[in-house]
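A quick write-up on the structure given underneath.
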Amino acid sequence: VSKMHIAGVEAFVINGVKKGFNFQPGDASTLKRHTWNAFRTGGRSYLVDLPVYKEVETDGSYKLAYADAFFCIAREQMIYTSVPDVNRLQFLPEPVTKEQFVNSVQCFGALHGYLLTPISHREYQISSKQRSLTLSFDAPPGLQLGARTYADKDAKDQRSSIKTSREGRKFTVHVKFPADGVYKLEITATELIRERGSSGEVVGCSVKSVAEYSVNVGEKQPRSMATN
């Protein structure tokens with residue numbers, strides 16, 4: 001920060017809380033104190049953080065990695081991971097409350113790395129009286145989103161029907177659940193790996209978990225959950 005001041009760039013420290021490795025959606029006691037930075041140039045503020053985050057594979061394994069995506073990360077994405085003690089330092093038109101932050105969708109490091117932003121569903125808990133659910137995300141070109149469901153309490157059948165569609169940057173995931181009950185809904189991102197050179201031939205792909213929801217399907221709806 002001091003070196004940036006010498007260079008004539010306004011920089012400052014931001015204190016707040018973040019969702020650590022052991023964070024549980026809805027449980028504020030699992031948040032961790034955290035410090036990150038911001039700098040202002042050209043009349044615009046930029047957020048900078050260099051955290052170690054959990055990069056989750058679709059087989060449930062994970063590795064710890066530095067998140068390069070958190071350098072000049074978009075404020076609309078940062079708010080899913082960390083929230084400052086001072087609301088104005090969110091740099092959002094409408095600041096997010098602490099309660100909204102704690103109850104927001106569980107995001108993994110790859111979501112930020114792929115520059116994804118939830119559009120339709122921003123809370124971890126989703127309630128749907130119907131057995132179908134449609135979620136939308138802002139996603140860059142070349143990225144394919146998908147989903148997997150895992151039965152939780154009363155849902156015995158896990159074989160949900162998944163369909164996806166894209167219109168510009170808006171990527172939509174359609175999920176049809178097989179029965180009433182509580183499900184874990186995992187959103188995945190597939191990136192094609194192309195060979196270097198003029199041909200650009202696809203030589204493989206990388207599939208990572210980017211977000212997770214808890215979905216209650218059916219007529220029995222807890223009062224605390226918003227209906228889809």
In Å², what does the accessible area per residue of the stretch 118-188 work out to with a 1.4 Å probe? 55
What nm value, rounded to one decimal, do you get for the distance between Asp180 and Lys32 when each label is placed 7 Å out toward the C-beta? 4.1
For the residue pair Glu99 and Arg44, what label-to-label distance in nm results when each label sits 7 Å from Cα along the Cα-to-beta-carbon direction? 3.4
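The values are calculated or read from the model by the stated rules, or taken from the named source; none is laboratory data. All of these numbers come straight from a predicted model, not from anything done at the bench. FYI the Cβ positions are ideal-geometry reconstructions off the backbone, even for glycines, and counts take in every protein chain you see. Heavy atoms of the whole protein, side chains included, go into the accessibility calculation; ligands, DNA and RNA do not. Shrake-Rupley method; radii C 1.70, N 1.55, O 1.52, S 1.80 Å.
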